[in-house]
Amino acid sequence: MSQSRRGKSIRLDTKPKPKHRKVPDGVAMESFLIHGPSISEKWDFRHHVIPPISSSVTYRLEDTERGGQGFREYASGEAHRTAPIYIYDRLDEPTRGMLEDELAGVEGGDNCVCFATGMAAISAALGITLKAGDELVAHKTLYGCTYSLITNWYPKLNISARLIDLRDAAQLERAITQRTRCVYFETPVNPTMELIDIAAVAEVVRRVNEKRKEGEKVYIIVDNTFATPFCQRPLALGAHVVVHSLTKNIGGFGTDMGGAVIAPHELEGQLLLYRKDFGGALAPKSAWPILVYGLPTLPLRLKKQQESAYEVARFLRGHPKVKRVAYPGLEDHPQFALAKQQMRDLHGEFAPGNMIYFETIEKGAEPKNSVKVVDWIAKNGYALTLAVSLGQLRSLIENPGAMTHAAVPAEKRAEGGIAPNGIRLSIGIEHPDDIIRDLERGLELAE
Ligand SMILES: *Cc1c(COP(=O)(O)O)cnc(C)c1O
């Protein structure tokens, strides 16, 4: 029936499609972040060089049986996606799936499940590992919304949190009880740039888990947003789960929000079920720029930003109006030895990252100088922009005590080391001299 009233019929290419383009043994991670595991079952557009943005809420199913099978898999809490059955975007989706494969690969985890934001990912990681009556141990200083999640919302669900200083393994040993199911922290800590020794935490938890039954184990969850897998891979150091705000360093361009949970095989089904039912799925239109621009350029961006961060940190350390600087790359960081051990790039080189925290010298109790410096930069700065968020091409500056961590009660901020005169910097890819010039001129106003 090649000719009909409707004209020539289309001949489809029915040759079998290659299932997998194999990732060769020994491929460098930089190359993997560009090429990923594609071509995979998640991408059979063989002739695209750039993976397409898919935009289809629903999927054509061959028959009722296949539709039923797909629904049973995603509803069971045990789905393992080798060749996923696509049904509906919120359940699973190929552009997001390709991103998930790359993130799992670079963090060295079994699986990755992506969410609409970092907070959606953090809620999911905690949501599947905690239930009413359970306890969570977390570091006392946390990203402001994570702090709010566990102090405002979890008590209503009868989940309690012990906020301790996780730099001290003895405190952790004392804080874990029969009801503890999670140990949660960021390292470097936002915004103080303190570090937590992942391997030391893992050793304490390993000893606890040795004596526990399946289902009662403690999971270590690390928020790796600041370091990114370029600078640090927590799973290799003994953590069980990694969470990310893809909005920051990994997305890298400041155009899209996203979140990710990288977890062992046993948790994948629960994460997919959680995403299906709570609904915070990463939109494929947001997954695409992270896949196509963010991840492939992550090593280049971080390397450049880190070199500049070292120069900026050294400038600040030598400045008479600056009280102290916390950058893991400075020899006088109180945990420099740990930084050198724990923060290593994909080739094993020291990788202290692109984030800096510093405090201005103040004459009185009020943080006058830090506000003056930041406000001068907000109005007159060229390379530095007053804005929250981090990990973009542009360098960003903010006052955590007055801005991102303002929701944390003042006495908790003080306990957590977030000083009223503290300033956080996210170093971009400008020339470091231009970042330093803005800081120098802003600091001239300090009394
Ligand atoms: C921004 C951030 C989050 C939350 O991510 P969103 O994408 O904004 O929801 C979590 N943890 C850290 C360390 C962050 O910087």
Could you tell me which residue of the stretch 212-227 is farthest from the ligand (Cβ to nearest atom), considering only residues that are farther than 19 Å from Leu136 by Cβ and either touching a helix residue (DSSP H, G or I) at 6+ places or on another chain (Cβ under 6 Å) or modelled with pLDDT under 95 (or both)? Lys213
Which of the residues that make up the stretch 142-154 are more than 12 Å from the ligand (Cβ to nearest atom) and in contact with a strand residue (DSSP E or B) (Cβ under 8 Å, 6 or more places away or on another chain)? Ile150, Thr151, Tyr154
Can you tell me which residue is most open to solvent (accessible area, probe 1.4 Å) among those in the stretch 64-97 that are in a helix (DSSP H, G or I) and touching a Ser or Thr at 6+ places or on another chain (Cβ under 6 Å)? Pro94
Which numbered condition trips up Leu237, out of (1) away from the ligand (no atom under 16 Å from the Cβ); (2) of a type in the set (A, V, I, L, M); (3) buried (at least 23 other Cβ atoms within 10 Å of the Cβ)? (3)
When (1) within 16 Å of the ligand (Cβ to nearest atom); (2) open to solvent by less than 40 Å² (accessible area, probe 1.4 Å); (3) not aliphatic (A, V, I, L, M) are applied to Phe278, the one that fails is (2)
Residue count for the stretch 403-415, restricted to those that are surrounded by 15 or more Cβ atoms within 10 Å (Cβ to Cβ), more than 20 Å from the chain's Cα centre (by Cα) and part of a loop (DSSP other than H, G, I, E, B): 2
Would you confirm whether any residue within the stretch 171-180 is open to solvent by 30 Å² or more (accessible area, probe 1.4 Å), farther than 20 Å from Gly108 by Cα, among the hydroxyl-bearing types (Ser, Thr, Tyr) and modelled with pLDDT of 95 or more? yes
So Ser286, is it over 23 Å from Ile87 (Cα atoms) and either within 13 Å of the ligand (Cβ to nearest atom) or modelled with pLDDT of 95 or more (or both): no
Restricting to the stretch 105-133, name every residue that is open to solvent by less than 10 Å² (accessible area, probe 1.4 Å), away from the ligand (no atom under 15 Å from the Cβ) and more than 18 Å from Ala283 (Cβ to Cβ). Val106, Glu107
For the stretch 353-397, which residues satisfy the criterion of being part of a helix (DSSP H, G or I), within 15 Å of Arg437 (Cα to Cα) and in contact (Cβ under 8 Å) with a residue 60 or more places away in the chain? Val373, Val374, Trp376, Ile377, Asn380
Do we have Ala124 as closer than 25 Å to Gly269 by Cβ, in a helix (DSSP H, G or I) and modelled with pLDDT of 95 or more here? yes
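The values are calculated or read from the model by the stated rules, or taken from the named source; none is laboratory data. All values derive from a computational prediction rather than experimental measurement. No Cβ is skipped: glycine too gets one built from the backbone with ideal geometry, and neighbour counts run over all protein chains shown. Note: accessible area is taken over every heavy atom of the protein model, side chains too, but ligands, DNA and RNA are not part of it. Shrake-Rupley method; radii C 1.70, N 1.55, O 1.52, S 1.80 Å.
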